[in-house]
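To start, the structure under review is shown below, and the notes come after it.
The values are calculated or read from the model by the stated rules, or taken from the named source; none is laboratory data. Predicted model, so just to flag it, every value in this text is computed and none were measured. Every residue, glycine among them, receives a Cβ derived from its backbone with ideal geometry; neighbour counts consider all protein chains shown.
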DNA sequence: CTAATTTGCGACAATACTGTCTCACTCTAT
DNA sequence: ATAGAGTGAGACAGTATTGTCGCAAATTAG
């Protein structure tokens, strides 16, 4: 087996991120396999896209669970540590994170799961705000959105080779938490 | 004339942002016109996409020019004012900003212009870093990228109706410059 | 080495999309 | 009222994409 199913999914999501209208033939080429083989793994283009979305949500959910956003304590220290772990986990799956929102499917399953994960993340951010870990003068839904946006930027920067992978987490955390303003500057 | 050319472009970019693989028929429906009329304005799908990209780049360039990033002074105060004006201008065209990078065309013209605008923006950010307006411990190219990412997030939030349009600039500036961390929290 | 599995390749029909055209209809300005 | 411009609806051929199939070649396992 030259190219595994996972490798196909990796190549597919990378190619679809850069080129959302890609055909099955183009995706197969990007994965280095023939169109027939691609169809053997995924019966239709929609099947592939749904599978991609499912995997993206799986990984996002896993990042939330491993950070422990549900069972974390209410103290600032706990919340801060959990927040760092969450961001770190999401940086690890930055490739997928942008995909779920660009997803071109009418799959109820994906939409429902996506909404649930957003809900959980929002609740956690609100907890961080109440504990004084995150600013309360920004809407929680916007804070959540800004994480998403920065992850998209991160994915693009990595794809273009503009930043080093080992720097990714640091850049993400710094930009998200502290912003780009020089502290010495008169705010 | 029920629907003007500009209105068609507005509807098209909005629909393509949410659904990049949309067909001409779907775009026409989103614009509230017939497929024939859409073809009267844009001879082909590629023509439409290139036109959309051109307009996006026009507006981005205008935002840069009106902020005056080329002829601004070298002092921190000048640079800071110019930076605020630039971000404000870009927030006004958030709808388009994400489009240029998702653009699915091989148009040399668009790619060249996009590269040039990125180059100009990067140079300005580096100037801000040298003057102590923006942090120097983050790569300028990442700072530039993070603006792009936050604009994408802003566009999505506005589209979903999660934030008020009048709040857009404030949220963008606060997140970009100061980040989401609560200042009272032990950093 | 051999059998089994998997792959690439080409062919194929079915479908979807594109771009063009005609014609009837609806506006609007005069 | 009426001429003119613009529109929607539908038909149309041409093209691209999709999904399926058979078969030969290659890979892998035993």
Return a yes/no flag: does the range B:60-80 have any residue that is more than 16 Å from DNA strand D (Cβ to nearest atom), at pLDDT below 95 and under 26 Å from residue A:17 (Cα atoms).
-> no
Pairs, please: C-beta under 8 Å, at least 6 apart or cross-chain, first residue within 14 Å of another protein chain (Cβ to nearest Cβ) and modelled with pLDDT of 90 or more and in the range B:1-17, second part of a loop (DSSP other than H, G, I, E, B) and more than 13 Å from DNA strand D (Cβ to nearest atom)?
-> B:15/B:22; B:16/B:22; B:17/B:98
The residue from B:127, B:153, B:123 that alone is at pLDDT 95 or above, buried (at least 22 other Cβ atoms within 10 Å of the Cβ) and not in a loop (DSSP other than H, G, I, E, B) is B:153
In the range B:23-51, anything within 14 Å of chain A (Cβ to nearest Cβ) and away from DNA strand D (no atom under 14 Å from the Cβ) is listed as B:48, B:49
Go through (1) in a helix (DSSP H, G or I); (2) touching a residue at least 24 places away in the same chain (Cβ under 8 Å) and name the single condition residue B:33 misses.
-> (1)
State all residues of the range B:144-185 that are within 7 Å of chain A (Cβ to nearest Cβ), over 15 Å from the mean Cα position of the chain (by Cα) and closer than 19 Å to residue B:80 by Cα; if no residue qualifies, say none.
-> B:171, B:174, B:175, B:177, B:178, B:179
